[in-house]
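Note sheet for the following structure.
The values are calculated or read from the model by the stated rules, or taken from the named source; none is laboratory data. Since the structure is predicted, the reported quantities are computational estimates derived from the model, not experimental observations. All Cβ positions, glycine included, derive from the backbone under ideal geometry; neighbour counts span all protein chains shown.
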Amino acid sequence: MNVVMIGSGYVGLVSGACFSEFGANVICVDKDESKINALLNGEIPIYEPGLDDLVSRNVKESRLSFSLDLKEAVAEADLVFIAVGTPTRRGDGHADLKYVYAAAEEIAGYLTGYTVIVDKSTVPVGTAREVCRIIKKANPAAEFDVASNPEFLREGSAIGDFMRPDRVVLGVESERAEALLRELYRPLNLIEAPIHVTNLESAELIKYASNAFLATKISFINEMSQLCEKVGADVHSVAKGMGLDGRIGKKFLHAGPGYGGSCFPKDTLALIRIAQEHGVSSRIVESVVEVNASQKARMVSKIREALGGSESDKVIAVLGLTFKPETDDMRDSPSLAILPAMADKGAIIKAHDPEGVKEARKLLPESIQYMDNIEDAIKGADAIVLMTEWNQYRGLDLDRVKSLMKGNVFVDLRNVYERSMMESHGFIYTCVGR
Ligand code: UGA
């Protein structure tokens, strides 16, 4: 089976490599010459655990290749996936579909024989139908179907998520397209991964509704964390007690500095816009977005309070910058809201992150200093703020940390540590909702 993946960004590259691992012949096509050249040289442009091995193995076995030539790739393809970016459009919160539609238009001219065009990018309801219209208009003779196959990968564990998915969602309009897609995903039959077949619109909405629901769980527990602080409850224990109810489930109930990343912030806004366009209210999702913004702001006050009311001239060691561990992705990371607010008030910030510094430098104020190792960040600090729960920060040698610091304030925005242990090591410990 010949598969073309248009867009070698995060989703395209991971999905392309995983399909080749399933046994398909995959060509990943991108317009970005430097990206394709890097991939041809064996360089992986993003940090994702296991991706380099997966790519090099499948390239070696000639199932995976990279190309700038869309025409040649599409001519031979059974399935063409569109996995280009759909960033939030400036100003209005809509997903920007210009790359998706440009890809559709371009593919149209190159189709030979029956081909299924599959939307993999997260796209508003109605996009697959529009892709279909664009291709039909550009090439009325083309023999094709359009399908929607949203992805549910988490950064940092994308390969595992792809290989052992909770479900595969296929939005299709013909048996022929369904059969081809089922064939592509056949290796997952071994682990009995559920394949949920539905129509185009439902598949598109499943993706947004899933992300918005997960974001809702996070905002819900973050709101509870504030109440926990006031009434003397422990948000960990509350989340555990709730999550033991199978109807609620224990996942995505970790209180923290607010969700970030390339998906939840963008997709919640897009869902609100989609609902507005159809004259439907989305009060729950609107509140989720609002609670998330206020949670980030609340973290700034929390740090200030821990520092005795002012961060001015205080040396703050920030551990972790990315929106979650095991990624170099800084998009909408809580650190992008929290660090500038502290820097504005005169804090001297020394930051460490295992993978995110290159991106962080582009996005954070110039005054932030980046340290190559944890000890350099901590040395002489009045306070430590644990921002992202990288493994390196989970097992800190607390006596050593304390001896390197000037002060003893430890603000744990991910609830990694236990208060009693921190206090016994002489820290003034603050966390979220406990
Ligand atoms: C998310 C979804 O989990 C994936 O299923 C989906 O495919 C992906 O978006 C996408 O649309 O492409 P991702 O953004 O990589 O994946 O990361 P998550 O693990 O979902 O975390 C998102 C944010 O929520 C992070 O900032 C994380 O720290 C935060 N979070 C997560 C919490 O604050 N608490 C939790 O309990 C869980």
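Some observations on this one:
- Contacts under 7 angstrom Cβ, first residue in region 217-230 being farther than 22 Å from GLY260 by Cα, partner of a type in the set (A, V, I, L, M, F, W, C) and within 14 Å of the ligand (Cβ to nearest atom), 6 or more apart: CYS228/VAL235; CYS228/VAL238
- Subset of region 283-318 that is touching a residue at least 24 places away in the same chain (Cβ under 8 Å) and among the hydroxyl-bearing types (Ser, Thr, Tyr) - its residue that is farthest from ILE218 (Cα to Cα): SER312
- Condition met for VAL197 (more than 30 Å from VAL84 (Cβ to Cβ) and either surrounded by fewer than 22 Cβ atoms within 10 Å (Cβ to Cβ) or assigned by TED's automatic domain parsing to the domain that holds ILE303 (or both)): no
- Breaking point among (1) crowded, with 23+ Cβ neighbours inside 10 Å; (2) aliphatic (A, V, I, L, M); (3) not in a helix (DSSP H, G or I), for VAL416: (1)
To keep it simple, each residue is scored yes or no on (1) of a type in the set (Val, Ile, Thr); (2) in contact with a strand residue (DSSP E or B) (Cβ under 9 Å, 6 or more places away or on another chain).
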position: GLU106; (1), (2): no, yes
position: GLU175; (1), (2): no, no
position: LEU180; (1), (2): no, yes
position: ILE195; (1), (2): yes, yes
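- Extreme residue, nearest to the ligand (Cβ to nearest atom), among residues of region 166-216 that are of a type in the set (Asp, Glu) and within 16 Å of ILE117 (Cα to Cα): GLU204
- Residue in region 269-285 that is within 13 Å of the ligand (Cβ to nearest atom) and closer than 28 Å to ASP412 by Cα present: no
- When region 238-268 is filtered for residues that are under 20 Å from LYS324 (Cα atoms) and either assigned by TED's automatic domain parsing to the domain that holds GLU155 or in a helix (DSSP H, G or I) (or both), the ones remaining, listed by number, are ALA239, PHE264, PRO265, LYS266, ASP267, THR268.
- Exclusive hit being in a helix (DSSP H, G or I) and either modelled with pLDDT of 95 or more or over 23 Å from GLU48 (Cα atoms) (or both), set ALA209, ALA193, ALA147: ALA209
- Residue count for region 301-352, restricted to those that are part of a loop (DSSP other than H, G, I, E, B), among the small types (Gly, Ala, Ser) and within 15 Å of SER262 (Cα to Cα): 1.
- Only listed residue being under 21 Å from ASN25 (Cβ atoms) and either surrounded by 16 or more Cβ atoms within 10 Å (Cβ to Cβ) or not assigned by TED's automatic domain parsing to the domain that holds LEU79 (or both), chosen from LEU153, LEU181: LEU181
- A Cβ distance below 7 Å, combined with a sequence gap of six or more or placement on separate chains, defines the contacts here; from region 139-153, residues that are without any contact (Cβ under 8 Å) to a residue 40 or more places away in the chain reach residues that are more than 16 Å from the ligand (Cβ to nearest atom) and part of a loop (DSSP other than H, G, I, E, B) in the pairs ASN139/LEU111; ALA142/LEU111; GLU143/GLY113; GLU143/TYR114; PHE144/LEU111; PHE144/TYR114; ASP145/GLU173; ASP145/SER174.
- Members of region 10-46 found to be out of contact with any Ser or Thr (no Cβ under 6 Å at 6 or more places or on another chain), assigned to a loop (DSSP other than H, G, I, E, B) and either buried (at least 19 other Cβ atoms within 10 Å of the Cβ) or among the β-branched types (Val, Ile, Thr) (or both), listed by number: ALA24, ILE44, ILE46
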